[in-house]
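Asker: Pasting a structure here, questions to come.
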Amino acid sequence: MVYSKYIFAVVRILTLNANGLRNKLTRRTVVHEIQKLKADLCFLQETFITDDMYNDFKNALTHYRLKNYSFASYYFKQFTSTFPYGNYTEDAYYMSAHSFFKLSPDFKLTQEDTENAIVGLQSFINSYPESKRVDSCNIMIDLLRAKLEDKAIDNAYGYFHRKRYQAAAHSFNSLLIDFPDSKQREYIRYMIAR
């Protein structure tokens, strides 16, 4: 008969992101907390903000406040890639997407910025699902999708108006696929049957 012994060990691992570890009092406080938690292994990471980081964020914010949304979205996006774990990263990520939201034109114009805003807002939601801004992002996405839907209906009606009935029917059918929860479903079905 063969016996095997298994030894299981419990190792308590602690990771801390701390700000101000260069300060003696902060270091003492952190060491005291680590001892109190009785961690076997501890990883410390200093989180701080530099003047460069702060200045880059303020530069992007200035463009946003001046309603230069193209520049603002660019600089906020640059900030998030340069400082992915900075103190202002969540704010910059949101502001980049919100800048595209502000750039979104009337539905009769090209909707590239609208699509960029939807992608940016959804990416923000995926990256920060616990953020207090998730609800406002979802509302903005709904408004932008409604704008894309209006654009698609206008395009399909344009085919119908020019008596290109097969293209119009195909466009209206595509609308039902792309926007299954559309509030204009009945109108779209009527236009297909017509």
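The values are calculated or read from the model by the stated rules, or taken from the named source; none is laboratory data. Owing to the predicted nature of the structure, the values given are computational and were not obtained by experimental measurement. Cβ: placed from backbone, ideal geometry, glycine included. Neighbour counts: every protein chain shown. To get the accessible areas, we keep the full protein, side chains included, count just its heavy atoms, and leave off ligands, DNA and RNA. Shrake-Rupley method; radii C 1.70, N 1.55, O 1.52, S 1.80 Å.
Asker: Of all residues in the stretch 129-145, which are more than 12 Å from SER104 (Cα to Cα) and touching a Ser or Thr at 6+ places or on another chain (Cβ under 9 Å)?
Answerer: Within the stretch 129-145, CYS137 is the sole residue that qualifies.
Asker: Is it fair to say ILE118 is in contact with a Lys or Arg (Cβ under 8 Å, 6 or more places away or on another chain), in a helix (DSSP H, G or I) and either open to solvent by 30 Å² or more (accessible area, probe 1.4 Å) or closer than 29 Å to ALA168 by Cβ (or both)?
Answerer: yes
Asker: Report those helices (runs of 4 or more DSSP H) wholly inside the stretch 49-105 carrying at least 2 residues which are closer than 19 Å to SER127 by Cα and open to solvent by less than 80 Å² (accessible area, probe 1.4 Å). Break it down into steps so the answer makes sense when it comes.
Answerer: On the way: elements: 51-65, 69-82, 89-103.
In the stretch 49-105, the matching helices (runs of 4 or more DSSP H) lie at 69-82, 89-103.
Asker: Which residue pairs have Cβ atoms under 6 Å apart, sit 6 or more places apart or on different chains, and have a first residue in the stretch 157-169 that is closer than 16 Å to GLN184 by Cβ and a second that is open to solvent by less than 70 Å² (accessible area, probe 1.4 Å) and aromatic (Phe, Trp, Tyr)?
Answerer: ALA168/PHE160
Asker: Among the residues of the stretch 95-112, count how many are without any contact (Cβ under 8 Å) to a residue 40 or more places away in the chain, within 8 Å of SER73 (Cα to Cα) and among the hydrophobic types (A, V, I, L, M, F, W, C).
Answerer: The qualifying residues number 2.
Asker: Being closer than 30 Å to TYR88 by Cα and polar (S, T, N, Q) is the filter; apply it to the stretch 1-23 and report the residue that is modelled with the highest pLDDT.
Answerer: THR15
Asker: Sticking with this structure for a sec: Within 30 Å of HIS98 (Cα to Cα) and either more than 23 Å from the chain's Cα centre (by Cα) or modelled with pLDDT under 70 (or both): does that describe THR26?
Answerer: no
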